[in-house]
1. For region 45-88, name all the residues that are within 23 Å of residue 132 (Cβ to Cβ), small (Gly, Ala, Ser) and open to solvent by 10 Å² or more (accessible area, probe 1.4 Å).
2. In region 17-73, what residues are in contact (Cβ under 8 Å) with a residue 60 or more places away in the chain and basic (Lys, Arg)?
3. Which of the residues that make up region 54-99 are more than 18 Å from residue 146 (Cα to Cα) and charged (D, E, K, R)?
4. Can you tell me which of (1) in contact with a helix residue (DSSP H, G or I) (Cβ under 6 Å, 6 or more places away or on another chain); (2) modelled with pLDDT of 90 or more; (3) surrounded by fewer than 17 Cβ atoms within 10 Å (Cβ to Cβ) is the one residue 131 doesn't meet?
5. If I go through region 9-62 residue by residue, how many of them are of a type in the set (Gly, Ala, Ser) and within 14 Å of the chain's Cα centre (by Cα)?
6. Would you check if residue 171 is in a helix (DSSP H, G or I), within 16 Å of residue 90 (Cα to Cα) and either at pLDDT 85 or above or in contact with a Phe, Trp or Tyr (Cβ under 8 Å, 6 or more places away or on another chain) (or both)?
7. Please identify the pairs in which a residue from region 115-142 that is within 13 Å of residue 159 (Cα to Cα) and of a type in the set (Val, Ile, Thr) has its Cβ atom under 6 Å from the Cβ atom of a residue that is open to solvent by less than 30 Å² (accessible area, probe 1.4 Å) and not in a loop (DSSP other than H, G, I, E, B), counting only partners at least 6 apart or on another chain.
Amino acid sequence: MGRRLAPLTLDNLADLPDGCRSCVFWELDPVSGRAAVDGGKGELEKEGWISAVLLQWGSCGRIVYVDDVPAGFVLYAPPAYVPRSQSFPTSPVSPDAVQLMISRVVPGYQRQGLGRVLVQAVAKDLLHRGVRAIEAFGAVGRPTPSCVLPADHLLAVGFKTVRPHHRYPRLRLEARTTLTWRSDVEGALERLLGGARKEPALRPF
């Protein structure tokens, strides 16, 4: 089974799962997001957002492929590019951190460690870019919003709660801690990715 990671660009945006290509939950504020969806412009807005972030900040996502089939993706960006984050009761994201927006593995490929690879790939990328930390809003209880990561998952992969909340705590992972992950996961990654380009890994999502 061949597995590889690729940066998210406009060229492979169509490889996002159905529904995710037009989802602008994080990319727009609630009012603008609803208007975009109702007007059938979600996909266009998503493309515009990714284009702007790529030009102004750089890589903001990864897609994982299994035998050249897109099996999951992750999105991340500085809080200034994530308007929806301001709507959360535990906002704002710290100015020295990048927000982990969403990480998703499509059905049929879950529980294979792909979620681990996606999330730690973000940590590795940001560490190389001199970013101090990753922050994310977690969801507690049921139902869990589809575009918000479960808090339990974030805690399991090393995030710590920096602002508690009964529904949407904000969690943080210091980028420097990823330095200690490499020796622990290198062998597992070699097996997981079959000799492909190594990306760090975390718990399955």
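The values are calculated or read from the model by the stated rules, or taken from the named source; none is laboratory data. Since the model is a prediction, treat every value here as computed from it, not as a measurement. Methodologically, a virtual Cβ is constructed for each residue, glycine included, from the backbone with ideal geometry; neighbour enumeration extends over all protein chains shown. When the accessible area is computed, the model is the full protein with side chains, heavy atoms only, and any ligands, DNA or RNA have been set aside. Shrake-Rupley method; radii C 1.70, N 1.55, O 1.52, S 1.80 Å.
1. 58, 59, 80
2. If the condition is that a residue be in contact (Cβ under 8 Å) with a residue 60 or more places away in the chain and basic (Lys, Arg), then 62 is the only one that fits.
3. Within region 54-99, 62, 67, 68, 96 meet the criteria.
4. It is condition (3) that residue 131 fails.
5. Of region 9-62, the ones of a type in the set (Gly, Ala, Ser) are 14, 19, 22, 32-33, 35-36, 39-40, 42, 48, 51-52, 58-59, 61.
Add one more test, that the residue is within 14 Å of the chain's Cα centre (by Cα), and what stays is 59, 61.
Total satisfying the criteria: 2.
6. no
7. Every condition considered, the pairs that remain are 119/103; 134/98; 134/100; 134/173.
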